[in-house]
Every structure is written in structure tokens, then in C-alpha cells.
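Visitor: One structure is given below, represented as C-alpha cells, and several questions about it will come after.
The values are calculated or read from the model by the stated rules, or taken from the named source; none is laboratory data. Please read these numbers as outputs of a predicted model, since none were measured by experiment. Counting neighbours? That spans all protein chains shown, and the Cβs are built from the backbone with ideal geometry, glycine included. Ligands, DNA and RNA are excluded from the accessible area calculation, which covers all protein heavy atoms including side chains. Shrake-Rupley method; radii C 1.70, N 1.55, O 1.52, S 1.80 Å.
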Amino acid sequence: MTPTTLLLLSALATAQPTNGETVPPRHQLSLYTHSGATMYLSPARTQGGVGGGIGLRDTVDGRWLLQVDASGLTALGSVLAVRVGAGVQRQGWWSPAALVNLTGLFGDRIDFLSSERLLPVQGPSLGLGLTLAPARFNLGRTQVSVMEVGLGVGTDRPELGVLYGLTLLEVGVSL
């Protein structure tokens, strides 16, 4: 590429839209809180509960989402749920999203022993899944999401586990 072509392409990439829209910032950090339930069910164990947590999200170019959060859950004991995710959202005030998450559950659980499995499975419950957030809205510097649903799969060798997630309400504020 010639220097003139590079200069023209960089000018086009940084130009403001002429139709009155604003360009989203390259990175927009948000702090959010959420409430809901997470359950991991397998033939070897059951773990999870209901509760809430806090997280940090980076929205890249107004479309791509990178996030990490932690939740305290109760009902089947005390459980810490840690989730790392990446996804995409629609730009605009209505911004439904889809994310791929890796979730780890640490803490109390119910173990199931059988004649084939005489010892409980060791370590946290881990699941890889998809979360859909159809009712997400951007209201200025505030983001609100209602009724996110998630489904994932984990392994407790040799069986598979299923990870369910339901976020009732999530509210975030841009930093």
C-alpha cells in the first residue's frame, strides 16, 4: 500500500458519521450487578443456587462484549460462581446479546456415589455454554437486562453435566 492509500483509509476510519450518529468509544468499561440462579447437574453431583453478584464488562466498538463476574449463591449450601464470557450485542438502545461463557462453581455441593464411582468428583464444576439476553437496553450510561437464559455443558468424566443459568435482572453503569 502506498502512503497516500494508508492516509486515506485512516482518515475514513476516524471520520465522524454525517447522519448525526456518534461513534461508540473503542473501549467502554461498565460495572454491573445481577441476580438470578445457576445450577450444575450431572450424575456425579449437583451444585448451585440463587443469589447475585458483580462484574466488569468491556464493550469494544459498541458491539463486542468481554466480561468477568462473580456471584454468591445459596440454597444448596454456599457456592461461588465465577464466569468469564465474550459475545456480541446489537448496537442501539435495544441491544440483545449472545455470549459464550466459561463458568466455574466452587463450594458446597451434593455428590452422588455409585458402584462405578466410589469417590466423589474432585475440583470445581466447570461448564461451557451460551447465554442469550433478548431484553437488553442501553439507556444513556446505564444498561439494563431482564431475563437472560443460559445453557451449557460440563464434564464430570465419564459423564456429562448440564449447566443452567437464569439472570432475572442485570443493571450496569458505564465508568
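Visitor: Report yes if LEU128 is on the phi < 0 side of the Ramachandran plot, without any contact (Cβ under 8 Å) to a residue 12 or more places away in the chain, surrounded by fewer than 15 Cβ atoms within 10 Å (Cβ to Cβ) and among the aliphatic types (A, V, I, L, M), otherwise no.
Guide: Against the criterion (on the phi < 0 side of the Ramachandran plot, without any contact (Cβ under 8 Å) to a residue 12 or more places away in the chain, surrounded by fewer than 15 Cβ atoms within 10 Å (Cβ to Cβ) and among the aliphatic types (A, V, I, L, M)), LEU128 does not qualify.
Visitor: Of the conditions (1) more than 30 Å from HIS27 (Cβ to Cβ); (2) modelled with pLDDT of 95 or more; (3) of a type in the set (Lys, Arg), ARG117 satisfies every one except a single condition; which number is it?
Guide: (2)
Visitor: Let me ask something else about it. Quick check on my filter: what residues within region 77-105 are assigned to a loop (DSSP other than H, G, I, E, B) and either open to solvent by less than 10 Å² (accessible area, probe 1.4 Å) or among the hydroxyl-bearing types (Ser, Thr, Tyr) (or both)?
Guide: SER95
Visitor: Now for a separate question. Among (1) open to solvent by 60 Å² or more (accessible area, probe 1.4 Å); (2) touching a Pro at 6+ places or on another chain (Cβ under 7 Å), there is one condition ARG141 misses while meeting the rest; what is its number?
Guide: With respect to (1) open to solvent by 60 Å² or more (accessible area, probe 1.4 Å); (2) touching a Pro at 6+ places or on another chain (Cβ under 7 Å), ARG141 is out only on (2).
Visitor: Give the residue that is nearest to TYR32 (Cα to Cα), with candidates limited to residues of region 51-72 that are small (Gly, Ala, Ser) and at pLDDT 95 or above.
Guide: Per the stated criteria, the residue is GLY55.
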